[in-house]
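Asks: Okay, here's the structure, questions in a sec.
The values are calculated or read from the model by the stated rules, or taken from the named source; none is laboratory data. No experiment lies behind these values; they were computed from the predicted model shown. Cβ: placed from backbone, ideal geometry, glycine included. Neighbour counts: every protein chain shown. Each accessible area value is taken on the protein alone, full model and side chains, heavy atoms only, with ligands, DNA and RNA left out. Shrake-Rupley method; radii C 1.70, N 1.55, O 1.52, S 1.80 Å.
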Amino acid sequence: MKLRNTLISIPAQGAWLDGLLAHAPDVRGLAILPQSSGHPALDSGPRPVDVALQSRGFATLRVDLLTRQEALRDPDASYNIARLTERILAAVEWIAHQPPLAGLQLGLVTQDTGCAAAIRAAVKAPETFAAIACVDGRADLAGAEPLRQLRCPVRFIVSPGAPESAILEKAFSLLGGARHWLALPDAGDARQQEILQARAVTSWLEQHLAAAERTRVE
C-alpha cells in the first residue's frame, strides 16, 4: 500500500500544531502518534513504529503537541498533562472534520509524558479510541483516578532497564479496563530495540482496531 505524506497544521487552544499525515483511501485504521518535542514531525525522518504501522495498512498521524516556541520557553512544558490532553482531543476533533479520516477507527501510540495525556484523553472521550499503546513513558502522571476510570484497552510496552518500570508497575496495577504488560527482551542496540517496540505496538493495534471494527459492523 502506497501512502501519501502530507504536512498539516491542527488548531488547538490558539496554537497551531505541526503534524505529518500518511494516508491512503483503503487504510484499515488511523494511528495517532503524539509527541511533545516542539520540533516538526519530519525533523527526524521516518521512525520504525510509523513504518511498521504503515506496512500493516494503517494510516498514521504524527503530531507535535507543543509548538517550537512553547518548548523553548518552558523546559517543563511536556509535563503540562492537562494541556497535552486537550491537544490530543483537538487532533481528534480535526480528524472528525476530514472526510477521508472521519470514519476510521483510532489508536493512540504514545511515549514519555504523552502516555499520561493519552490515558486522560481516552477517559474524557471514552468512545473515541479503540486501543492505546504506551512505550515506556510516564503513564503514572495521568493520576490514580483516570487510570482507574480507563476502559480503553491499553498495552504497556516496557524496554529492558527502563528507569520508569517500577513506577509503571504501580500505574499498571490501577488500570480499570483491559490491559497488557509486555516486557521486551534486550535487542542489543537502540535501533533493534525500536523495531521490537514497533512490532509490539502494531500487533496491539491490529488486534483491537480489528475487534472494534467488527463490533461496529455487527
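Asks: If I filter region 50-83 down to residues being part of a helix (DSSP H, G or I) and within 13 Å of A22 (Cα to Cα), which single residue comes out as least open to solvent (accessible area, probe 1.4 Å)? Before the answer, list the steps.
Replies: Initially, region 50-83 is screened for residues part of a helix (DSSP H, G or I), giving 50-55, 68-73, 77-79, 81-83.
Filter once more, so that each one left must be within 13 Å of A22 (Cα to Cα): 50-55.
Working: D50: 17, V51: 76, A52: 22, L53: 0, Q54: 50, S55: 87 Å².
Among those that are part of a helix (DSSP H, G or I) and within 13 Å of A22 (Cα to Cα), it is L53.
Asks: Only one of these is out of contact with any His (no Cβ under 8 Å at 6 or more places or on another chain), part of a helix (DSSP H, G or I) and closer than 14 Å to L174 by Cα: E145, E93. Name it.
Replies: E145
Asks: Still on this structure, please answer the following. What are the pairs, 6+ residues apart or on separate chains, where a residue within region 102-125 that is open to solvent by 10 Å² or more (accessible area, probe 1.4 Å) has its Cβ under 6 Å from a residue that is of a type in the set (D, E, K, R)?
Replies: Q105/E213
Asks: Would you confirm whether any residue within region 9-16 is farther than 25 Å from L209 by Cα and crowded, with 22+ Cβ neighbours inside 10 Å?
Replies: So in region 9-16, the residues farther than 25 Å from L209 by Cα come out as 9, 11-16.
Add one more test, that the residue is crowded, with 22+ Cβ neighbours inside 10 Å, and what stays is none.
No, the conditions are met nowhere in region 9-16.
Asks: For region 25-41, indicate whether the set of residues that are exposed (fewer than 14 other Cβ atoms within 10 Å of the Cβ) and in contact with a Gly (Cβ under 9 Å, 6 or more places away or on another chain) is non-empty.
Replies: Yes, region 25-41 has at least one match.
Asks: Then there's this: For region 159-195: of the residues being crowded, with 16+ Cβ neighbours inside 10 Å and at pLDDT below 90, which is farthest from D140 (Cα to Cα)?
Replies: The residue in question is A162.
Asks: Let me ask you something else. Any idea which of (1) over 26 Å from N80 (Cα atoms); (2) in contact (Cβ under 8 Å) with a residue 40 or more places away in the chain; (3) among the hydrophobic types (A, V, I, L, M, F, W, C) is the one A178 doesn't satisfy?
Replies: Only one criterion is unmet by A178, namely (2).
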